[in-house]
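Asker: Mind having a look at this structure? Questions to follow.
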Amino acid sequence: MKKILILASVLVFAAACSAPPPNQPASDTNRNTNLAADTTTAAITEADATAKEKAIWETLKQKKYTAFADMLADDELEVASVGVFDKARSTEMVKQFEPSEVTFSDWKFLPIDKDGFIVAYTVDVKGKYQGKVIPPGPLSRCSSAWARRNGKWLAVFHQESLVKKSPPPPPPAKASASPAGAKPETAAPGPDPIANEKIVWDLFKSKNYEAFGALLAPEFLEVEPDGYYDKAGSVKGVSTFDASKSMLSDFKTSNIDANSSLVTYVVKDPGYAPKGERHSTIWVNRGGKWMGLFHHGGTPVEAPPPASTSPAK
């Protein structure tokens with residue numbers, strides 16, 4: 001029996017604001033107001049970011065589904081092997097998932113900007129799905145993106161894939177040769193994440209890995225079933241497979257904030273992904289230049305499990 005995890009990265013966001021006592025001096029009131037404003041605009045710390053991700057699991061254990069929905073952005077997307085879910089579907093799906101024990105490891109934290117961040121981690125879950133005990137099996141590699149909307153942190157993206165060992169690497173593909181003195185022209189990425197992703201895959205097909213690397217932010221992070229990759233590791237990794245027959249479809253997008261956007265899609269290839277894999281990328285605008293910041297790939301496309309015949313408890 002395959003281990004099925006319906007994961008969502010959301011957390012109860014709690015903020016308490018209290019008015020000053022009536023006898024508090026006006027200067028202190030202004031100082032506290034300024035401190036509150038600074039807190040609202042400050043970038044989140046790694047400790048706070050990971051705490052948010054952990055806390056949602058506790059919330060799910062308590063079956064607080066209304067609170068769960070309140071912590072999702074209206075344009076939230078959850079990417080799982082069985083589909084890509086919007087906020088309403090994510091909220092409905094977690095009612096069938098009953099985690100009782102959750103163990104986290106292998107955390108990664110990646111700021112997007114002061115109003116967004118990404119966390120990635122590995123999770124081992126004990127509990128039930130659709131009333132049945134989740135059998136022991138591979139761990140899940142998860143990633144989530146959060147955005148601050150009107151002063152409140154909300155989950156905008158989550159993806160999962162089962163942990164597995166990487167297969168022996170094939171011989172590296174040869175980079176495409178260019179005429180002497182000429183450089184292949186590459187379209188510049190822009191605010192359209194779908195167009196940006198097509199540019200990337202066209203570079204894969206032409207084996208122009210140097211140009212691909214130029215599109216990535218220095219702190220780029222990639223999450224795959226077999227581990228994490230930085231910019232150099234990602235460029236090296238894509239040189240080991242032939243993308244000439246890869247086809248992209250089922251695009252969905254979401255804006256994280258004014259300077260970052262998400263695209264998720266399916267890749268089918270007769271060689272390594274005949275049934276399809278789900279991939280997601282976050283693009284960011286850095287000084288007028290759009291760059292790839294984050295990628296989560298390798299989530300296999302699978303048929304949804306049969307609906308539960310018993311109502312969620």
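Asker: If the requirement is being modelled with pLDDT under 95, out of contact with any helix residue (DSSP H, G or I) (no Cβ under 8 Å at 6 or more places or on another chain) and at negative phi, which of these qualifies: 225, 168?
Answerer: Numbers: 225 fails: modelled with pLDDT under 95.
Exactly one residue qualifies, and that residue is 168.
Asker: Any idea how many residues of the stretch 128-164 are closer than 21 Å to residue 299 by Cβ and out of contact with any Cys (no Cβ under 9 Å at 6 or more places or on another chain)?
Answerer: Quick first cut of the stretch 128-164, residues closer than 21 Å to residue 299 by Cβ only: 129-130, 134-146, 155-164.
So of that shortlist, the ones also out of contact with any Cys (no Cβ under 9 Å at 6 or more places or on another chain) come out as 129-130, 134-146, 155-157, 162-164.
Of the residues in the stretch 128-164, 21 are closer than 21 Å to residue 299 by Cβ and out of contact with any Cys (no Cβ under 9 Å at 6 or more places or on another chain).
Asker: In the stretch 32-66, which residue that is more than 17 Å from residue 149 (Cα to Cα) and hydrophobic (A, V, I, L, M, F, W, C) is modelled with the lowest pLDDT?
Answerer: Ranking the candidates gives 35 first.
Asker: How many of the residues in the stretch 248-278 are crowded, with 19+ Cβ neighbours inside 10 Å and of a type in the set (Asp, Glu)?
Answerer: 1
Asker: Failed condition for residue 205, given (1) buried (at least 16 other Cβ atoms within 10 Å of the Cβ); (2) modelled with pLDDT of 95 or more, with all others met?
Answerer: All conditions pass for residue 205, except number (1).
Per-residue answers, yes or no, for (1) in the same structural domain as residue 277 (by TED's automatic domain parsing); (2) over 13 Å from the mean Cα position of the chain (by Cα); (3) of a type outside the set (A, V, I, L, M, F, W, C):
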{"residue": "80", "(1), (2), (3)": "no, no, no"}
{"residue": "84", "(1), (2), (3)": "no, no, no"}
{"residue": "90", "(1), (2), (3)": "no, yes, yes"}
{"residue": "106", "(1), (2), (3)": "no, yes, yes"}
{"residue": "127", "(1), (2), (3)": "no, yes, yes"}
{"residue": "150", "(1), (2), (3)": "no, yes, yes"}
{"residue": "158", "(1), (2), (3)": "no, no, yes"}
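Asker: Only one of 246, 234 is farther than 22 Å from residue 144 by Cβ and either modelled with pLDDT under 95 or not β-branched (Val, Ile, Thr) (or both). Can you tell me which?
Answerer: 246
Asker: Same structure again: For the stretch 209-242: of the residues being surrounded by fewer than 16 Cβ atoms within 10 Å (Cβ to Cβ) and among the acidic types (Asp, Glu), which is farthest from residue 109 (Cα to Cα)?
Answerer: That would be 242.
Asker: Any idea how many residues of the stretch 68-94 are assigned to a helix (DSSP H, G or I) and surrounded by fewer than 16 Cβ atoms within 10 Å (Cβ to Cβ)? Can you show your working first?
Answerer: So in the stretch 68-94, the residues assigned to a helix (DSSP H, G or I) come out as 68-70, 87-94.
Still in the list and also surrounded by fewer than 16 Cβ atoms within 10 Å (Cβ to Cβ): 70, 88-89, 92.
Qualifying residue count for the region: 4.
Asker: Let me ask something else. Take residues that are closer than 28 Å to residue 76 by Cβ and of a type in the set (Val, Ile, Thr) and tell me which of the strands (runs of 3 or more DSSP E) falling wholly in the stretch 212-307 contain 1 or more.
Answerer: Values: elements: 216-224, 227-229, 247-257, 260-269, 273-286, 289-300.
So the answer is 216-224, 247-257, 260-269, 273-286, 289-300.
Asker: Residues of the stretch 260-279 being touching a Phe, Trp or Tyr at 6+ places or on another chain (Cβ under 9 Å) and either outside the structural domain of residue 296 (by TED's automatic domain parsing) or not acidic (Asp, Glu) (or both), which ones? Can you show your working first?
Answerer: Taking the stretch 260-279 and keeping what is touching a Phe, Trp or Tyr at 6+ places or on another chain (Cβ under 9 Å), we get 260-267, 269, 271-272, 278-279.
Scanning the stretch 260-279 gives 260, 261, 262, 263, 264, 265, 266, 267, 271, 272, 278, 279.
Asker: Would you mention how many residues in the stretch 118-137 are surrounded by fewer than 16 Cβ atoms within 10 Å (Cβ to Cβ) and in a loop (DSSP other than H, G, I, E, B)?
Answerer: Counting residues in the stretch 118-137 that are surrounded by fewer than 16 Cβ atoms within 10 Å (Cβ to Cβ) and in a loop (DSSP other than H, G, I, E, B) gives 4.
Asker: Shifting gears a bit: Among (1) touching a strand residue (DSSP E or B) at 6+ places or on another chain (Cβ under 6 Å); (2) part of a helix (DSSP H, G or I); (3) of a type outside the set (Gly, Ala, Ser), where does residue 52 come up short?
Answerer: (1)
Asker: I would also like to ask the following. List the number of the failed condition for residue 107; all other conditions in (1) of a type in the set (Phe, Trp, Tyr); (2) modelled with pLDDT of 85 or more; (3) farther than 23 Å from residue 297 by Cα hold.
Answerer: Residue 107 satisfies every listed condition except (3).
Asker: Please name all residue pairs, on different chains or six or more residues apart, with Cβ atoms under 8 Å, provided the first residue is in the stretch 96-109 and is over 18 Å from residue 227 (Cβ atoms) and the second residue is of a type in the set (S, T, N, Q) and outside any strand (DSSP E or B).
Answerer: That search, which allows pairs on different chains as well, returns 96/130; 96/308.
Asker: Which count do you get for residues in the stretch 231-259 that are over 18 Å from residue 211 (Cβ atoms) and among the charged types (D, E, K, R)?
Answerer: Total satisfying the criteria: 4.
The values are calculated or read from the model by the stated rules, or taken from the named source; none is laboratory data. The structure displayed is predicted, hence computed values, not measured ones. Backbone-built Cβ (ideal geometry, glycine too); neighbour counts: all protein chains shown.
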